[in-house]
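Coordinate-derived values only; no laboratory data. The structure displayed is predicted, hence computed values, not measured ones. Neighbour counts are summed over all protein chains in view; Cβ atoms, including those assigned to glycine, are modelled from backbone coordinates with ideal geometry.
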Amino acid sequence: MSAVVHSLPDEAQRTSDFHRISLFVKNEPGVLARVAMVFSRRGYNIESLVVSTAAREGYSRMTITSSGDPETLEQMIKQLAKLVDVVHAIDHTGDAAYETEIALIKLRCSSDERHEILQIVEHFGAKVVDFARDSLMIRIYGSSEKLDAIRDLLGKFEIAEIVRSGKILMARGRATT
Amino acid sequence: MDSKVATGAERLIECLEAEGVEYIFGLSGGAAIPIFDALVDSSIKLILTRHEQGAAHMADGYARATGRPGVVLVTSGPGATNTVTGLLTAHMDSVPMVVITGQCVTDMLGKDGFQEADVTSITYAVVKHSYLVRRSGDIPRITREAFHLAGTGRPGPVLVDIPKNISQGPCLAPLTSEMDLPGYSIPSHGSPDNLDEAAALLSSAQRPVLLVGHGVVISEASKAVTQLAERLGAPMVSTLLGKGGADETHPLHLGMLGMHGTAYANKATDAADLIMSIGSRWDDRITGKLDEFCLGAKKIHVDIDPAEFNKMVVPEVCIEGDARLVLEALLPLVDPLDTSEWLARVEAWRKKYPLKYRKQGGLRAQHVLDRLDALTQGRAIISTDVGQHQMWAAQFCKVTESKNWLSSGGAGTMGFGLPAAIGAAFARPDQDVWAVVGDGGFQMTQAELATAAIHNLRVKCLIINNNYLGMVRQWQELFFENRLSGVDLEGNPDFVKLAQAYGIKAFRIKRPGDVDRILSQADAYDEGPCVVVAEVVKEDNVFPFIPAGATLSDMIIEKPTEKLAKPTGST
């Protein structure tokens with residue numbers, strides 16, 4: 001696990017049951033449904049799933065964060081690898097892959113509240129991307145734990161909406177994602 | 001320049017011919033008409049079935065009896081969904097099949113067109129892979145890939161859904177095409193390290209048992225597995241689907257193990273200090289209560305599908321590869337063992353706990369199947385349906401050769417027996433095929449009697465008729481205070497008259513004294529299919545019996561006098 005920044009006690013507990021899986025897949029219709037079925041059949045909950053095109057034409061990358069019984073994970077990785085459209089499936093749980101996530105957070109706030117919010121934004125290295133009369137939109141990226149932490153600090157204000165990208169990751173050095 | 005451009009359907013049929021397809025089992029309909037039209041000019045023989053489920057099981061029976069993919073062709077919508085049970089059956093039992101479904105035109109996809117069913121979505125969970133063909137130019141590649149995927153590695157069913165405008169429109173792609181399957185690889189002979197570890201475990205074993213699974217049949221490893229058993233002096237036990245993987249009449253073979261296996265197979269497995277599973281997935285019918293399964297034994301697992309490793313039991317050594325290639329690589333590493341004491345114990349169990357049945361008090365299914373075995377002596381292909389008769393057939397019919405035993409194991413599909421026998425009869429016309437079915441399952445696909453009759457097949461359909469769904473009745477008797485619910489098949493037709501209505505010769509066995517005479521007559525009958533109806537006692541139970549979720553040592557050998565607790569395992 002990479003260093004947990006701003007972690008809260010219950011968050012630390014939670015992340016230990018989370019699995020980080022990367023898939024390199026052929027971009028065929030139905031591949032997402034086939035992948036999702038492996039998770040649902042074994043009672044795994046998908047926390048986040050990011051699909052994007054890969055460097056190689058006709059292929060996609062999937063990064064999946066998932067929670068469920070750790071003993072089932074080995075089975076799931078094999079079931080995923082067995083799918084014909086999946087070129088490879090890698091479990092990154094416990095390795096030092098670089099990972100990041102983006103969140104957009106919209107706050108309803110009065111002008112009195114802005115000062116404290118902007119302090120938090122600055123401290124976290126976030127950015128205000130929309131500045132309206134009674135609302136702010138904040139963009140932050142970093143580890144999922146960092147995003148959890150700012151969300152927690154902003155919880156005292158009125159959060160109108162949060163959209164998170166879901167985690168993406170890449171193996172370090174010569175290791176394969 | 002060629003004046004006539006092939007249609008997608010014509011190109012498809014050419015591809016099937018190139019794959020060596022002899023038969024297509026199917027039923028037509030609107031969205032598949034162009035493909036059926038292209039079949040008119042083909043060397044491939046179309047077998048028109050009476051229901052798409054029948055077509056799927058026929059293709060399955062063809063595949064199990066040959067090892068080559070069975071091919072199904074049906075239309076869209078209900079035609080396609082009627083194959084789903086057949087797909088599940090083949091998927092659970094690793095049977096190679098290619099199922100081609102018609103589909104409504106691409107412009108109508110997702111718009112609830114007439115007879116549209118999103119069949120690729122419906123079938124994701126029961127196929128090895130599937131395709132929705134969106135460009136006619138993909139037909140040659142997809143067909144090549146479908147057969148390759150179905151027939152190699154761990155075999156399974158592949159579905160190809162073809163919209164009508166694709167099959168009807170022109171196809172400019174050449175007949176041959178490169179496959180593009182970067183995510184698919186086929187394990188071969190196992191890694192040397194794992195082989196060495198396995199050899200070391202085998203050499204130190206004192207009470208070894210070889211568990212022969214379906215993988216032995218699929219990879220044609222009979223010779224290698226028998227050699228290994230003989231070299232080690234290891235008894236062989238077989239799963240339901242592994243029957244015939246090694247000759248069941250071999251002195252080291254103890255027959256089927258598991259829930260309704262022989263007592264001696266189960267006792268040997270329970271007492272073993274090493275169990276080597278070859279192409280078996282440690283099904284719950286074998287292991288019973290998993291965390292108490294053979295705790296005293298080390299385990300070796302040979303499988304072509306690594307997803308089976310550690311799924312049920314956690315073996316000491318896993319070898320990923322083809323059963324035959326692995327065994328052939330392992331044999332030179334293994335020295336003979338002296339297991340004479342162990343074999344003496346096993347033989348004592350065989351003598352003490354033989355399979356038995358009562359010959360008085362009415363006609364018994366076991367008697368009929370015991371005599372069928374004596375009559376056919378392993379030279380017939382035996383196909384079964386699902387239920388009590390299936391377990392009795394598995395106990396009493398000794399299968400001596402691979403691919404002579406066709407039975408729905410994983411899915412337990414009632415209605416499988418007759419159509420699978422028909423598929424096998426097309427595949428191997430020189431051999432008798434006995435379909436052993438119950439009255440319940442038979443009636444699910446009995447319309448295929450017409451298919452057997454029209455083609456004058458050497459199918460002999462033995463109906464074990466107790467006018468009950470007997471296996472469920474047995475559970476209700478033993479575990480539910482005999483509160484019978486939904487098991488009485490009152491209103492069964494006279495199956496002899498039913499067969500005659502199809503123009504099929506029919507026999508009836510009523511008394512134990514009729515068994516040998518009638519079976520011999522049916523066996524000798526060579527003018528086409530025949531039906532033998534055995535009117536057996538209504539209430540009888542399959543023993544030995546390990547209740548679901550119990551352990552091998554909980555085996556019930558005879559009907560108990562005290563009340564049994566409800567089983568904890570699934571079904």
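Once you have a ≥ b ≥ c as the square roots of the Cα gyration tensor eigenvalues for segment B:368-415, tell me rounded if a/c is under 1.5, and otherwise prolate or oblate according to whether a/b is larger than b/c.
Since a/c reaches 1.5 but b/c is at least a/b, the shape of segment B:368-415 is classed as oblate.
For chain B, what is the percent of antiparallel DSSP beta bridges, rounded to the nearest 5?
Just about 5 percent of them are antiparallel.
DSSP H helices in chain A with Cα extent of 24 Å or more along the helix axis and mean Kyte-Doolittle hydropathy at least -1.0?
What comes out of the filter, once short or polar helices are dropped, is none.
Roughly speaking, what % of Cα-Cα pairs in segment A:9-91 are separated by over 22 Å, rounded to a whole number?
Tail of P(r) above 22 Å: 22 percent of Cα pairs.
Under a 5 Å amide H to amide H cut-off, with H placed in plane at 1.01 Å, what residues pair with B:Leu406 once short-range neighbours are removed?
B:Ile382, B:Ser383, B:Thr384
Can you give the mean number of other chain Cβ atoms that lie within 10 Å of the Cβ atoms in peptide A:31-40?
Taking the mean over all residues of the peptide, I get 2.
Between B:Val98 and residues 5 or more places away or on another chain, which pairs have amide H atoms under 5 Å apart, with H built 1.01 Å from N, and which residues are they?
B:Gly70, B:Val71, B:Val72, B:Val158
Any chance you could check the Cα centroid distance between segment A:101-177 and segment B:371-429 for me, in angstrom?
Their Cα centres are 65 Å away from one another.
Is chain A rounded, prolate or oblate when judged by the Cα gyration tensor, a ≥ b ≥ c being the square roots of its eigenvalues, rounded requiring a/c under 1.5 and prolate requiring a/b larger than b/c?
Prolate shape, in that a/c is at least 1.5 and a/b is the bigger ratio.
Dividing the convex hull volume of the Cα atoms of segment B:100-146 by its residue count, what figure in Å³ per residue is obtained?
74
Semi-axes of segment B:288-429's equivalent ellipsoid from the Cα gyration tensor, sqrt of 5 times each eigenvalue, largest first, rounded to whole Å?
In descending order, the three semi-axes are 31, 23, 18 Å.
Kindly identify the protein assembly as shown as rounded, prolate or oblate by the Cα gyration tensor criterion: order the square roots of the eigenvalues as a ≥ b ≥ c, call it rounded if a/c is under 1.5, otherwise compare a/b with b/c, prolate if a/b is larger, else oblate.
Since a/c reaches 1.5 and a/b is larger than b/c, the shape of the protein assembly as shown is classed as prolate.
Would you please name the GluC sites (Glu not before Pro) within segment A:20-105 that are DSSP coil residues with at most 12 other C-beta atoms within 10 Å of their C-beta?
A:Glu57
Enter the mean number of other protein chain beta carbons within 10 Å of the beta carbon of each residue in B:176-184, as an integer.
So the per-residue partner count for this stretch is 4.
So which trypsin sites (Lys or Arg not before Pro) in segment A:102-177 pass both tests, a DSSP loop state and at most 10 other Cβ atoms within 10 Å of the Cβ?
When the trypsin sites (Lys or Arg not before Pro) of segment A:102-177 are filtered for loop state and at most 10 Cβ neighbours within 10 Å, A:Arg133, A:Arg174 remain.
Using the 2.2 N^0.38 Å rule of thumb for compact globular proteins, work out how segment B:214-321 stacks up: its C-alpha Rg over that value, please.
Ratio of Rg to 2.2 N^0.38 Å for segment B:214-321: 0.97.
Let me know the mean shielding of A:77-87 by other chains, meaning the per-residue number of their Cβ atoms within 10 Å of its Cβ.
Average neighbour count from other chains, rounded to a whole number: 5.
Pop a pseudo-label 7 angstrom from the Cα along the beta-carbon direction at both A:Phe18 and B:Ser121 and give the gap in nm to one decimal.
It is 3.1 nm.
Give me the distance between the Cα centres of segment B:48-97 and segment B:191-253, rounded to whole Å.
30
When the Cα centres of segment B:452-531 and segment A:49-77 are compared, how far apart do they sit, in Å?
51
Viscosity 1.306 mPa s, temperature 10 °C: what is the translational diffusion coefficient of segment A:98-169 from Stokes-Einstein with a Kirkwood Rh over Cα pairs, rounded to a whole number of µm²/s?
For the chosen part, D equals 131 µm²/s.
Over 24 Å between Cα atoms, which of B:Lys267/B:Lys398; B:Lys359/B:Lys505; A:Lys26/B:Lys111; A:Lys26/A:Lys106; B:Lys298/B:Lys403; B:Lys351/B:Lys510 qualify?
B:Lys359/B:Lys505; A:Lys26/B:Lys111; A:Lys26/A:Lys106; B:Lys298/B:Lys403; B:Lys351/B:Lys510
Segment B:129-233: percent of C-alpha pairs farther apart than 16 Å?
71
Ratio of segment B:365-543's C-alpha Rg to 2.2 N^0.38 Å, to two decimals?
Dividing the Cα radius of gyration by 2.2 N^0.38 Å gives 0.96.
Per residue of segment B:15-24, in order, report the coupling 6.51 cos²θ - 1.76 cosθ + 1.60 (Karplus, θ = phi - 60°) as ³J(HN,Hα) in whole Hz, putting x for Gly and Pro.
For segment B:15-24, the Karplus curve yields 5, 5, 4, 5, 7, x, 5, 9, 10, 10 Hz.
Starting from the Cα gyration tensor of segment B:8-168, multiply each eigenvalue by 5, take the square root, and state the resulting semi-axes largest first in whole Å.
With the √(5λ) rule applied to segment B:8-168, the semi-axes are 21, 17, 15 Å.
With only alpha-carbon atoms in the gyration tensor, what are the semi-axes of the equivalent ellipsoid for segment B:435-490, in Å, largest first?
Each semi-axis is the square root of five times an eigenvalue, giving 30, 10, 6 Å.
What's the whole-number percent of alpha carbon pairs in segment B:38-108 lying beyond 16 angstrom?
The calculated P(r) of segment B:38-108 puts 48 percent of pairs beyond 16 Å.
Pull up all non-local amide H partners of B:Leu274: gap of 5 or more, or a different chain, and H-to-H distance under 5 Å with H placed in the peptide plane.
HN-HN under 5 Å from B:Leu274: B:Arg207, B:Val209, B:Lys298.
Kirkwood hydrodynamic radius (Cα pairs, Å) of chain B?
Result for chain B stands at 24.5 Å.
Restrict the search to segment B:481-571; then list the trypsin sites (Lys or Arg not before Pro) that DSSP places in a loop and that have at most 16 other Cβ atoms within 10 Å of their Cβ.
Passing sites in segment B:481-571 are B:Arg483, B:Lys510, B:Lys538, B:Lys563.
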